[in-house]
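Q: Got a structure for you, written out below as structure tokens; questions coming shortly.
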Amino acid sequence: MHQTSSPVQTGTIARKMAFWSTLACALAVVVIMLGAWTRLVHAGLGCPDWPGCYGFLTVPQSETSIAIANARFPETPVDVAKGWPEMIHRYAAGTLGLVVFGLAIAAIRHRREQLPLKLPMFIAGFIVLQGAFGMWTVTLKLWPQVVALHLLGGFTTLSLLLLLTLRLRKRAGNRTVLEQVSSALTRLRPWLYGGLLLVVLQVALGAWTAANYAAVACTDLPTCQGQWWPEGMDFRHGFDIAQHVGPNYLGGQLTADGRVAIHVTHRLGAVVVLFYLGLLLVRLWQQRRDSGLDNSVLLVAGALAVQIGLGLANVWLHIPLAVAVAHNAMGAGLLLSMIHLIWRHHQLLPQPHTIAVSHTTTINREVTA
């Protein structure tokens, strides 16, 4: 008969899993940054096959290996400089997959310890799906729909890993102290979810912008091509999700007017996110009192400010590689900081008198009725 571990043993196991989950979060950020780097140096098709490179485990470099590779794929001659970014990205993604599968196995082994089980299992399954999207990204020659979904999948994986880490840390005994706060603060929860939704939509717009190489469609600020509302913007073409499979989408296939429409939409989305989160954070700060949300609010504010600054720098400096990669990473940072803020907000309890008043009001209504 299986004996349940003591609370101390369970806490030790949870701490170990939390460590590996935190490591997985860090790896996921690295994978997202490497994906951005691969895309920005136009190396998305640096290896025309998957999961290897021209049939090799590494990028072919010797004369013999290159000759064999070129014979296998005559339409795509070996470009070592573009092959390595693609393979480094795959190696990092593979390492992340191994860590995630390890967490899932540990969760199964310790399923009787009341540790998270469904979440790590779901993340493991999602990683398999992400691998499939990685393969389709190559085999379908950077089809924008698949590329955008693959990018969103990376952000989703990272978000799920953060949730797993928070749950494991709580189970390990590193619980957040539950503060008793006013109902005014707890009533802001729906608005927090609205902010998270806006951030997710903005990330999706960023993914579509990247997948269609629309980041360089506007090279000036605050106008675009010298106009506040550029003439000829083709939103129908820019957001056509029915682009047919077949052509090589490296460098993009959209017209200039379609790309401008995407770029301008992404800018407008950034403005909406900035004002919405700005007002929400001010409201949270005013109501925080002794809630312990100070650092979480400041974290979101800092991530938002840096992300907006990086977005502006991307345009002003014409998409420098380091800034563009940092912009992708900070997009993940903003998303994670919002999730962390919502998590912290969920740990709050309304003040006792607020509960009592609410309960009394309910009784009075029932009596009146």
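No value in this document is a laboratory result; all are computed from the given coordinates. Since we're looking at a predicted model, the values are computed, not measured. Don't worry about glycine lacking a Cβ; one is built from the backbone with ideal geometry, like all the others, and counts go over all protein chains shown.
Q: Among 130-140, 157-167, how do they line up by average Cβ neighbours within 10 Å per residue, starting with the highest?
A: The packing order, highest mean first, is 157-167, 130-140.
Q: Moving to a separate point now. Sequence gap of 8 or more, or different chains, plus Cα separation below 20 Å: how many lysine pairs satisfy both in the chain?
A: Value for the chain: 4.
Q: Find, to one decimal place in angstroms, the Kirkwood hydrodynamic radius of the chain, where the mean of 1/r is taken over every pair of different Cα atoms and then inverted.
A: 23.1
Q: State the answer as a single residue: which of Trp285, Leu268, Gly44 lies farthest towards the positive end of the charge dipole of the chain, with beta carbon charges of +1 for Lys and Arg and -1 for Asp and Glu, about the Cα centre.
A: Trp285
Q: List the residue ranges in the chain for DSSP H helices whose C-alpha atoms run 30 angstrom or more along the long axis and whose Kyte-Doolittle average is 0.5 or above.
A: Details: long enough: 7-40 (49 Å, 1.08); 80-109 (43 Å, 0.91); 118-139 (32 Å, 1.29); 144-171 (40 Å, 0.91); 189-211 (33 Å, 1.22); 256-287 (47 Å, 0.94); 294-316 (33 Å, 1.33); 321-346 (38 Å, 1.00).
Helices meeting the criterion: 7-40, 80-109, 118-139, 144-171, 189-211, 256-287, 294-316, 321-346.
Q: Ok, one more. Between Ala71 and Leu117, what is the label-to-label distance in nm when each label sits 7 Å out along the Cα-to-Cβ direction?
A: Calculated label separation equals 5.4 nm.
Q: Also, quick follow-up: Mind sorting Leu168, Leu197 by how few other Cβ atoms lie within 10 Å of their own Cβ, fewest first?
A: If I rank by nearby Cβ atoms, fewest first, I get Leu197, Leu168.
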